[in-house]
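The values are calculated or read from the model by the stated rules, or taken from the named source; none is laboratory data. Predicted model only: the values in this text are computed from it and were never measured. Reconstructed Cβ throughout: ideal geometry from the backbone, glycine too, with neighbour counts over all protein chains shown. Note: accessible area is taken over every heavy atom of the protein model, side chains too, but ligands, DNA and RNA are not part of it. Shrake-Rupley method; radii C 1.70, N 1.55, O 1.52, S 1.80 Å.
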Amino acid sequence: MPTDFEIGSEVTRWHFHPGTAVENNPLFDWPPRPGAVLRWYRAYWLVISTTTLSLLVACLAVWRWAPTLAETQTLSAGWVIAIWLGFLIPHVTLAGGLHLWLYRAKGQGIKRKYDKRGQISDNGMFTFRSQVLDNMFWSLASGISFVTLYTAAWFWAAGNGWAATTTFSDSPVWYVAWFALLPLWGSFHFYWVHRALHQPALYRHAHALHHRNVNVGPWSGISMHPIEHAIYFSSLLIHFVVPTSPMHILFHVYTFTLHPICSHSGFDGLIAGGTKRVQLGDFFHQLHHRYFECNYGTVEMPWDKWFGTFHDGSEDATKRTRAFKKQMYTK
């Protein structure tokens, strides 16, 4: 184990620490490492992950409840509500299920929990004086509403020919490649809007609400101010200018709503039979919630490394982040 993670350093600040340095997607490494790239994407697409879960739910949505583009030529409450329920039900099921198992039933105690503290209650900082109720309210009342608005607007535009569309038969290579490219687009967009949200005015009026959650839980994922929801979900606007399909935009939405539930779960993994079966938490983003001015993006693209805000979980990175914060706040 690297010396950065020896007892007495950053590892001792966490109840659970992965014990190794956080790594970025090797796709952008130079010289190229094709073997590492294949292993990285195998961990995304060939195991149970939020990526495969989002694709599965998108497939079910197209099959069972999402409207066809022919239906959406005419704006009506029926198909808009179908889209809303298609986002609401999976979100409540996953976030609620993980919360009940991990935090209410304490199904695995605090094994592999990054921060051993529980969710905050009876604190006036949160809406309804409860972290969980606060997170549920902002996730569902604002988050699911905003993502429904963006998605319904695309379905209406696409149904009327105002947004370019594609199908597998039209362009099979592009249709499949789009699923691999969307996470890269999402990472690019998220880094830059997240940096903007940390500017004083936007942070104070919007992003501070999400950062109430220093010790995150499953409901914290998209618990944001409406202004931040409008900015965060603006990633979906790419579908208005690039040929896409209902499957693609729904996959995009589910990665932006279901993945944050798991990445904010507070636990590194789901344990069954004494063994970690499913990856849950995202230590890279957990570090952002603790230290604020680092890891603005995702590990999918190395923007933080390129701009000097990367925290790999080591003691040296913590010192750099604290120095960076001190420099920022004394300007």
In terms of solvent-accessible area of protein heavy atoms at a 1.4 angstrom probe, what is the ranking of LEU27, LEU53, LEU38, highest value first?
LEU38, LEU27, LEU53
Between the DSSP loop rule and a limit of at most 12 other Cβ atoms within 10 Å, which chymotrypsin sites (Phe, Trp or Tyr not before Pro) in segment 108-187 are left?
TRP162, PHE168
Segment 39-101-segment 215-245 distance, computed between alpha-carbon centres (Å):
14
Kirkwood-Stokes translational diffusion coefficient of segment 1-119, alpha-carbon pairs, 10 °C, 1.306 mPa s, µm²/s
85
Dipole axis of the chain (+1 Lys, Arg; -1 Asp, Glu on Cβ), positive-most option in HIS211, GLY86, LEU258
HIS211
Could you work out the equivalent-ellipsoid semi-axes for segment 248-331, taking the square root of 5 times each eigenvalue of the Cα gyration tensor, largest first, in whole Å?
28, 18, 10
accessible surface per residue for the chain, probe 1.4 Å, DNA/RNA/ligands not counted, whole Å² -> 47
Once the chain is represented by equal point scatterers at the alpha-carbon sites, with solvent omitted, what log10 I(q)/I(0) does the Debye formula produce at q = 0.08, 0.14, 0.15 Å⁻¹?
-0.38, -1.21, -1.38
Reachable lysines, given that their alpha-carbon falls under 22 Å from the alpha-carbon of LYS111 and they are not under 8 places away in the same chain
LYS276
Assuming 0.36 nm per residue, please report the length gained on full extension of the stretch VAL241 to TRP101 beyond their Cα-Cα distance.
46.3 nm
Rounded to the nearest percent, how much of the accessible area of segment 194-249 (1.4 Å probe, protein heavy atoms only) is carbon and sulfur?
72
Heavy-atom accessible area order for ASP170, ASP29, ASP312, largest first, 1.4 Å probe:
ASP170, ASP29, ASP312
Fully extended contour minus Cα-Cα distance, from PHE307 to ARG195, at 0.36 nm per residue
39.2 nm
I'd like the carbon and sulfur percentage of the solvent accessible area for segment 1-133, probe radius 1.4 Å, heavy atoms only, ligands and nucleic acids excluded.
65
Segment VAL92-LYS325, length gained on full extension (0.36 nm per residue, minus Cα span):
80.3 nm
Estimated dipole of the chain in Debye, rounded to 20 [Cβ of Lys and Arg +1, of Asp and Glu -1, Cα centre]:
780
Quick one: angle between helix 145-159 and the longest Cα principal axis of the chain, in degrees between 0 and 90, rounded to 10, please.
30
